[in-house]
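Here is the structure we will look at, set down as structure tokens.
The values are calculated or read from the model by the stated rules, or taken from the named source; none is laboratory data. The structure displayed is predicted, hence computed values, not measured ones. When we count neighbours, we look across all protein chains shown, and the Cβ atoms used for this are built from the backbone with ideal geometry, even at glycine.
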């Protein structure tokens with residue numbers, strides 16, 4: 001088993017795709033891993049887990065009027081949070097910019113597909129806030145708020161994109177942190193000092209997330225209720241031809257004074273939507 005995993009990881013994704021095309025293993029839609037049934041033997045179940053772990057599942061998509069492919073990495077698996085049990089699917093667009101997307105579904109994809117209106121949250125990675133505990137942002141709390149919202153709504157999808165950290169600039173967020181702390185300015189002002197203008201600050205795009213959702217049968221037959229404060233994300237869904245039924249801001253219940261200052265600066269200067277959040281966007 002371990003040798004097969006090592007072999008899988010030693011071969012680039014495009015080579016895996018070429019072989020899958022040659023073997024006729026391309027799917028029209030993603031098929032999530034089925035849980036163990038009562039009548040399935042342990043041996044048969046483990047064999048399924050092993051097999052789906054060492055093979056990618058490729059789904060054909062229409063990407064900018066050209067054929068593209070989404071690769072699903074591993075069997076779907078449970079993620080058990082303080083709010084409930086989610087189902088995790090890891091996927092990426094082959095040759096895409098943003099790498100693996102972690103698609104967290106509540107309660108599971110089968111149930112969500114049945115919905116006509118689907119709650120969606122696109123969630124950017126934030127190593128400093130989500131892993132290291134930095135309190136100048138509310139990213140970790142926003143993720144937890146999104147999980148709580150999915151459960152209270154009865155269903156929902158969170159698309160977490162680790163490579164979107166630092167508004168897509170990754171480690172270059174830390175010079176911004178330096179400026180913000182030393183000059184005692186908000187996050188927008190620090191970013192403008194560092195990058196020069198608003199058109200360069202945020203390089204994140206969301207088309208890959210949309211294509212991954214389409215490959216999971218979340219598509220034109222659905223409407224989408226977007227849990228976001230960011231108007232750019234709303235435009236991405238509308239621009240991809242998906243129907244947006246509504247939006248709602250998502251802000252953590254408890255955040256630091258610095259994080260609140262930064263939220264208010266984004267609301268004032270970038271028109272982020274903080275209504276229904278309990279945050280006074282007129283401050284700061």
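Determine, yes or no, whether residue 277 is modelled with pLDDT under 80, within 23 Å of residue 126 (Cα to Cα) and either out of contact with any helix residue (DSSP H, G or I) (no Cβ under 8 Å at 6 or more places or on another chain) or surrounded by fewer than 13 Cβ atoms within 10 Å (Cβ to Cβ) (or both).
Details: modelled with pLDDT under 80: yes; within 23 Å of residue 126 (Cα to Cα): yes; either out of contact with any helix residue (DSSP H, G or I) (no Cβ under 8 Å at 6 or more places or on another chain) or surrounded by fewer than 13 Cβ atoms within 10 Å (Cβ to Cβ) (or both): yes.
Spelling it out, residue 277 is indeed modelled with pLDDT under 80, within 23 Å of residue 126 (Cα to Cα) and either out of contact with any helix residue (DSSP H, G or I) (no Cβ under 8 Å at 6 or more places or on another chain) or surrounded by fewer than 13 Cβ atoms within 10 Å (Cβ to Cβ) (or both).
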In this structure, is residue 112 buried (at least 20 other Cβ atoms within 10 Å of the Cβ), in contact (Cβ under 8 Å) with a residue 40 or more places away in the chain, under 27 Å from residue 218 (Cβ atoms) and touching a helix residue (DSSP H, G or I) at 6+ places or on another chain (Cβ under 9 Å)?
no
Matching option when the condition is in contact with a strand residue (DSSP E or B) (Cβ under 6 Å, 6 or more places away or on another chain), surrounded by fewer than 20 Cβ atoms within 10 Å (Cβ to Cβ), modelled with pLDDT of 95 or more and in a strand (DSSP E or B), among 105, 59, 70, 79:
79
Which residues, counting only those in the stretch 115-150, are under 27 Å from residue 214 (Cβ atoms), touching a helix residue (DSSP H, G or I) at 6+ places or on another chain (Cβ under 9 Å) and outside any helix (DSSP H, G or I)?
118, 119, 120, 121, 122, 123, 124, 125, 126
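Give the residue, chosen from 4, 14, that is at pLDDT 95 or above and assigned to a helix (DSSP H, G or I).
On the way: 4 fails: at pLDDT 95 or above.
Only one candidate passes the filter, namely 14.
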What is the residue count in the stretch 189-215 for residues that are in contact with a strand residue (DSSP E or B) (Cβ under 7 Å, 6 or more places away or on another chain) and either in a loop (DSSP other than H, G, I, E, B) or surrounded by fewer than 20 Cβ atoms within 10 Å (Cβ to Cβ) (or both)?
2
